[in-house]
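> Take a look at this one; I'll ask things after.
The values are calculated or read from the model by the stated rules, or taken from the named source; none is laboratory data. Fair warning: this is a prediction, and the values are worked out from it, not measured in the lab. Note: ideal-geometry Cβ built from the backbone for every residue, glycine included; neighbour counts use all protein chains shown. In case anyone asks, the SASA skips ligands and DNA or RNA and just uses the protein heavy atoms, side chains included. Shrake-Rupley method; radii C 1.70, N 1.55, O 1.52, S 1.80 Å.
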Amino acid sequence: MKPKNSIQQRRSFLKNSTALIAGATLLGPSVFGAPSFLNFTTQPNSKIKGVQLGLITYSFRTMPNQSAEATLQYILDTGINAVELMGDPAEQYAGKPESPVNRMAFYGLMRRKRNNELNDEEEKEFIEMQSKLEAYSKTVAAWRATVSMDKFVALRKMYNDAGVNIYAFKPNAFGKDNTDEEINWGMKAAKALGASHVTLEHPSDDAHTLKLGQMAEKHDVFVAYHGHEQQTPTFWDTALEQSSHNALNLDLGHFVAAGNEAPLEIVKAKHSHIKSMHLKDRQTPEHNKGNVLWGTGDTPIVEVLQLMRDNKYTFPATIELEYDIPEGSDAVQEVKKCLAYAKKALES
């Protein structure tokens, strides 16, 4: 548990950060090389005091248009210049067959199931969606086996021309149910997008992390494993021992919600293996584990950002918007608030 004055300090950050929200919605002529429908006046810059602030595009899951182009505009509107790109926008851009399942509805049910909040009717709906997705996954596997990398190269250029770097790629392609061809495809696509690493949920399977690490070595990319409340200080140790290309996609908010004490210590101990770190504000088990507005929970966001700044850690700090969006706002506006909070922390 952190000292009370530390929590009060972070809450004062939240109050003061609203004045620092990065930029209004960007309007004006487009930069040369980017599509003409993308509106912005200057290229974004979210590298503050040597710390690269990024975001995972999962944060925009509630926005109406999920295309790669619309996602890029959302990113530009926040003022962020580096991202962990979810698979759907990139694959849709490359021509992936359309899913029979509403993505937003499925994510909502999946999140509630993770928190044991589904009633019987919702559980049945979730199972039906899973069944449809299993059949759809075979169609996608066949598509991935033949699709060219040209569209992924073109997407990278579109993002780069607008000033946005893709540092990580997270398609649903690296699980135990995916074929070796899909895993190879995902790593090739990551390289084409310019990403240094792919991210996935830790499979809790030593044989699979060994396999992924060995395959990553051949493609010269890293596999960064994400965790939720199963994270512990030793959670990644076996995977790290298996391959120099296995790494961490630490989630500090989930780490706190799992009840781990001294969350800054995992960053200090594993910093050389962290390829990117998710930031969100969650509460400890004593405070009901909530996903809350930044500065009102128990995650030491200010402290970890200042730790990264002072120790010159180079991995990105990835904003992940998971708290409920207030009425009258949207994901873009809330990400901007998170970015302002982080910027205030780094400039203090």
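> Specify, per residue and in Å³, the volume enclosed by the convex hull of the alpha carbon atoms belonging to region 247-331.
Spelled out: Cα convex hull of region 247-331, divided by residues, is 92 Å³.
> Of Lys191, Lys138, which has the most accessible area and how do the rest follow, probe 1.4 Å?
Result, largest first: Lys138, Lys191.
> Something else about it: Per residue, how many Å² of accessible area does region 277-348 show with a 1.4 Å probe? The partial results should precede the final answer.
Numbers: 2580 Å² over 72 residues.
Ligands and nucleic acids excluded, the figure is 36 Å² per residue.
> By DSSP, what percent of the beta bridges with both residues in the chain are antiparallel, rounded to the nearest 5?
On the way: 4 of 32 bridges.
About 10 percent, rounded to the nearest 5.
> Kindly identify region 89-232 as rounded, prolate or oblate by the Cα gyration tensor criterion: order the square roots of the eigenvalues as a ≥ b ≥ c, call it rounded if a/c is under 1.5, otherwise compare a/b with b/c, prolate if a/b is larger, else oblate.
Values: a/c = 1.69, a/b = 1.37, b/c = 1.23.
The shape class here is prolate.
> Also, I was wondering about something else. Starting from region 281-348, pick out the trypsin sites (Lys or Arg not before Pro) whose DSSP state is loop and whose Cβ has at most 16 other Cβ atoms within 10 Å.
Lys312
> For the chain, with a Gaussian network of springs between Cα atoms less than 10 Å apart, report the residue from Ile166, Ile274, Ile48 with the top mean-square fluctuation.
Looking only at Ile166, Ile274, Ile48, the biggest GNM fluctuation is shown by Ile48.
> A further question follows. Select from Glu261, Glu122, Glu84 the residue whose mean-square fluctuation is largest in a Gaussian network model of the chain (Cα-Cα springs shorter than 10 Å).
Checking each option, the largest mean-square fluctuation is seen for Glu122.
> I need the calculated FRET efficiency for the pair Lys138 and Arg114, taking r as the beta carbon distance and R₀ as 22 Å, to the nearest 0.05. All intermediate terms of the calculation are to be shown ahead of the outcome.
On the way: r = 25 Å, r/R0 = 1.14.
For R0 = 22 Å, the calculated efficiency reads 0.30.
> Considering only protein heavy atoms and a probe of 1.4 Å, how much of the accessible area of region 217-348 is carbon and sulfur, as a whole percent?
Within region 217-348, the accessible surface is 44 percent carbon and sulfur.
> Further question: Where does the chain land at 222 nm, in deg cm²/dmol rounded to the nearest 500, when only DSSP H runs of n ≥ 4 count, each adding -39500 (n - 2.57), divided by all residues?
Using -39500 (n - 2.57) per qualifying helix, the result is -14000 deg cm²/dmol.
> Compute the projected area of the convex hull of the Cα atoms of the chain, averaged over all viewing directions, and report it in nm² to one decimal place.
17.1 nm²
> May I pose another question? Taking only protein heavy atoms and a 1.4 Å probe, what accessible area per residue, in Å², does region 144-265 have with all protein chains in place?
39 Å²
> How much area per residue is accessible in region 39-142 when the probe is 1.4 Å and only protein heavy atoms are counted (Å²)?
Values: 5000 Å² over 104 residues.
Per-residue accessible area for region 39-142 comes out at 48 Å².
> What is the pair-distance distribution P(r) of region 57-129, computed from all Cα-Cα distances in 10 Å bins starting at 0, with each bin given as a whole percent?
17, 42, 29, 12, 0
> Ranked highest first by average number of other Cβ atoms within 10 Å, how do 73-80, 171-178 line up?
73-80, 171-178
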